[in-house]
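Beneath this line is the structure, given in structure tokens, with notes to follow.
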Amino acid sequence: MAKYKKGRKRRAKKANMILMLILVICGLVIILGFHALYENGYHTDNAQNSNNEVAVEHRKFINKLAPQAQRLQGQYNILPSITLAQAILESDWGTSKLASKYYNLFGVKAQDNTTHSVYLNTQEFVNGRYVTIKARFQVYQDWNESLADHAKLLAYGTKWNPQQYKDVIAADNYLQAADGLQQDGYATDPTYTKKLIAIIKQYKLYQYDD
């Protein structure tokens with residue numbers, strides 16, 4: 001009988017230990033689960049806050065350029081949606097060195113007779129791939145001056161071809177104008193038109209067109 005009682009006690013003790021172990025494991029699982037949920041929520045909130053800040057900065061950039069782009073439409077018949085989309089794409093929302101330090105939003109190369117210029121590295125699409133070259137770029141006093149010079153380029157063309165961008169000027173909507181830029185040889189990037197249209201649609205830049 002005593003031997004049976006001892007065996008029963010050992011089994012009960014073992015069962016209690018197993019139960020305790022199960023409870024500890026369950027507790028750890030619950031703690032880790034809450035921790036994971038907290039971390040996920042923390043990172044999600046941070047990502048959301050970061051996205052909101054970026055969206056605010058993007059809207060500020062558009063609002064800053066839009067009035068001048070609309071004024072220039074009246075002078076040169078360049079759709080503001082095209083002007084804004086090009087500025088966004090080519091200056092990376094005004095954050096590129098060329099745009100932020102030298103107010104050149106469109107990567108406009110300097111003319112031979114200008115003294116307001118700077119040499120910088122740039123990438124161009126050549127023979128099916130991007131290559132880095134060093135070029136001399138125009139320096140402006142502010143973004144409005146850059147916007148005006150860009151409008152004049154599209155309106156009056158180049159020295160060797162005043163009708164260079166006639167398809168852009170004649171366009172009735174941003175789809176035609178974006179396609180015209182590609183046809184008229186504005187950019188070497190074969191996806192330039194698609195990128196512009198995507199930006200215009202995403203940020204509803206067409207709302208600034210008359």
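The values are calculated or read from the model by the stated rules, or taken from the named source; none is laboratory data. Because the structure is predicted, anything quoted here is derived from the model rather than measured. Side chains are part of the model used for accessible areas, which takes the heavy atoms of the whole protein and leaves out ligands, DNA and RNA. Shrake-Rupley method; radii C 1.70, N 1.55, O 1.52, S 1.80 Å.
Based on the alpha-carbon gyration tensor of region 65-208 and its eigenvalue square roots a ≥ b ≥ c, which shape applies: rounded if a/c is under 1.5, prolate if not and a/b is larger than b/c, or oblate? It is rounded, given that a/c, with a ≥ b ≥ c, falls under 1.5.
Using a probe of 1.4 Å on the protein chains alone, the accessible area found for K166 is around 110 Å². Amide H contacts of K109 (H built 1.01 Å from N, in plane; Pro and chain starts excluded): Q138 sit under 5 Å, all sequence-distant by 5 or more or on other chains.
Separation of the alpha carbons by more than 29 angstrom is noted, of K60/K166; K97/K195; K97/K152, for K60/K166.
In order along region 191-199, phi translates into HN-Hα couplings of 9, 4, 4, 4, 5, 4, 4, 4, 5 Hz, rounded to whole numbers, per the Karplus curve 6.51 cos²θ - 1.76 cosθ + 1.60 with θ = phi - 60° and x for Gly and Pro. Working from Cα pairs under 8 Å separated by at least six residues, relative contact order for region 60-210 is 26 percent. Reported to the nearest whole Å, the Cα centre-to-centre distance from region 133-210 to region 51-106 is 12.
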